[in-house]
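Trainee: The structure under discussion is supplied below as structure tokens; questions concerning it will follow.
The values are calculated or read from the model by the stated rules, or taken from the named source; none is laboratory data. Since this is a predicted model, take the numbers as computed values, not measurements. Note that we place each Cβ from the backbone using ideal geometry, even for glycine, and neighbour counts take in every protein chain shown.
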């Protein structure tokens, strides 16, 4: 009989989670171990289960020669060196949806506390006053809630708000109109439209360069007078100075905040305002959520050590090793093609088509289709996107994936074609691997052919095919301090326009793109960072 795997439970989880592990493995509970004891004994374990306190850095992971799985009982994985674990072939799994219900309920709790002045009235009563007339509030009934970001938590908030007989409008460019309708929510075309219609606004966006400070002075100016803002998502989404000005000027009637740009957050003047309700990042702090996180993570550790499917792995998908070895070079290509096609499109993504040509037509390409979805979604969801959860996140947003195969490919041994349908049209891009390591190369955009190594930052223009046009792009880029790394031009076989694709050292600002589009002969331009 083979020796049972050993699992270390380094931080407290629900008893049910520990019991589940003990059914299959030898379990040691080391919740009182200090860092030195952990470093000295981690080499004895095949699995480890942690929460947020234990730091598993590269040095500690290197000591863990038997380790096969790290379970994080919660959402964030900032305390785990995922890259070091991946290099060692260690699965890192978390519990990304364990706190969704808690976060949604806390959002509603803050909304109710805000509009009924609950904390202020309690403080007054505890101070010996009986001031009924000082705390007249507002009802949720009949009001319009704007949900900015419509992932799992945003959807749960919308469902609960409908239970209060609120009308709900939502904005998320990755959620289809059909998905909004299924949940009884009206999808809108822009944040500005949501601002103009909502009495309450609840934020459920990830932190990305595009969303940091999304609630700024301009956004607040576009909101209905008397709006109330609730943020249980990311503190960086709100410009607190702009919010303070909005509260002071009366356009914003109140704000409820559970998250802040830096935490702990205890001395900012906004916390002392009577029209602000604040809590110290309690969105996930329920017994049920923490118990759920422990049980879910124990299930994932069990799956990893017993050959099952690890559905919440953040670094390794459930793919046969030999298949992954053959397709690994094409995973980053597919992610980049998905991100580029999304960045070039308009509106919510509804359908994604992936065509595999050449030798890829005979392979089990499911992981590559998933990689395309991951590229489309990364940076645009509340959850961190990976090759495991991308299909689930796409399904939540009503995004359909279809794959086709064609064994012939005239110009390339392997070719991947991605079409993303969004808004009223579709964007098609194509790529291949080149060189001894199959480095990702872009070979088609907007119907024109290229051969250009992928980079993190691209700018693409369609323009009249006439002398001097490329030089004008270079001149403006130079004036704006944008360094061009490489460029390729593809001309239409029929017609009088051409497309140029440039790669740059840094992201290209929209203002730079706008300057070029103001020139005669430039029809379309986009900057995409992937």
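Trainee: Could you list, in sequence order, the residues of the stretch 398-424 that are within 27 Å of residue 185 (Cα to Cα) and under 24 Å from the mean Cα position of the chain (by Cα)?
Mentor: Our first condition is that a residue be within 27 Å of residue 185 (Cα to Cα); within the stretch 398-424, this holds for 398-402, 420-424.
Within the stretch 398-424, 398, 399, 400, 401, 402, 420, 421, 422, 423 meet the criteria.
Trainee: How many residues, within the stretch 117-157, are out of contact with any strand residue (DSSP E or B) (no Cβ under 8 Å at 6 or more places or on another chain), part of a helix (DSSP H, G or I) and more than 30 Å from residue 172 (Cβ to Cβ)?
Mentor: Total satisfying the criteria: 11.
Trainee: If you check residue 377 against the conditions, is it buried (at least 21 other Cβ atoms within 10 Å of the Cβ) and not assigned by TED's automatic domain parsing to the domain that holds residue 82?
Mentor: Numbers: buried (at least 21 other Cβ atoms within 10 Å of the Cβ): yes; not assigned by TED's automatic domain parsing to the domain that holds residue 82: yes.
Criteria met by residue 377.
Trainee: What tally of residues in the stretch 2-20 results from selecting those that are more than 20 Å from residue 287 (Cα to Cα) and either within 35 Å of the chain's Cα centre (by Cα) or at pLDDT 95 or above (or both)?
Mentor: Number satisfying all stated conditions: 4.
Trainee: Determine which member of the set 420, 385, 416 is in the same structural domain as residue 338 (by TED's automatic domain parsing), surrounded by 18 or more Cβ atoms within 10 Å (Cβ to Cβ) and free of Cβ contacts under 8 Å to residues at least 24 places away in the same chain.
Mentor: Values: 420 fails: free of Cβ contacts under 8 Å to residues at least 24 places away in the same chain; 416 fails: free of Cβ contacts under 8 Å to residues at least 24 places away in the same chain.
After ruling out the rest, the residue left standing is 385.
Trainee: Still on this structure, please answer the following. So residue 18 clears everything in (1) touching a helix residue (DSSP H, G or I) at 6+ places or on another chain (Cβ under 9 Å); (2) in a loop (DSSP other than H, G, I, E, B) except one condition, right? Which one?
Mentor: (2)
Trainee: Residue 395 - would you say it is free of Cβ contacts under 8 Å to residues at least 12 places away in the same chain and within 23 Å of the chain's Cα centre (by Cα)? Show your work before the answer.
Mentor: Working: free of Cβ contacts under 8 Å to residues at least 12 places away in the same chain: yes; within 23 Å of the chain's Cα centre (by Cα): yes.
Here the answer is yes, as residue 395 does meet what is asked.
Trainee: Okay, moving on. If only one of 201, 220, 229 is under 21 Å from the mean Cα position of the chain (by Cα), surrounded by 15 or more Cβ atoms within 10 Å (Cβ to Cβ) and outside any loop (DSSP other than H, G, I, E, B), which one is it?
Mentor: Working: 220 fails: under 21 Å from the mean Cα position of the chain (by Cα); 229 fails: under 21 Å from the mean Cα position of the chain (by Cα).
Selected residue: 201, the only one of 201, 220, 229 that is under 21 Å from the mean Cα position of the chain (by Cα), surrounded by 15 or more Cβ atoms within 10 Å (Cβ to Cβ) and outside any loop (DSSP other than H, G, I, E, B).
Trainee: Among the residues in the stretch 243-262, are any touching a strand residue (DSSP E or B) at 6+ places or on another chain (Cβ under 6 Å), buried (at least 16 other Cβ atoms within 10 Å of the Cβ), more than 30 Å from residue 392 (Cβ to Cβ) and free of Cβ contacts under 8 Å to residues at least 24 places away in the same chain?
Mentor: no
Trainee: Name the single residue, out of those in the stretch 89-116 being assigned to a loop (DSSP other than H, G, I, E, B) and within 25 Å of the chain's Cα centre (by Cα), that is farthest from residue 147 (Cα to Cα).
Mentor: Filtering the stretch 89-116 for residues assigned to a loop (DSSP other than H, G, I, E, B) gives 89-90, 94-99, 116.
Still in the list and also within 25 Å of the chain's Cα centre (by Cα): 89-90, 94-99.
On the way: 89: 39, 90: 37, 94: 26, 95: 24, 96: 20, 97: 19, 98: 21, 99: 18 Å.
Ranking the candidates gives 89 first.
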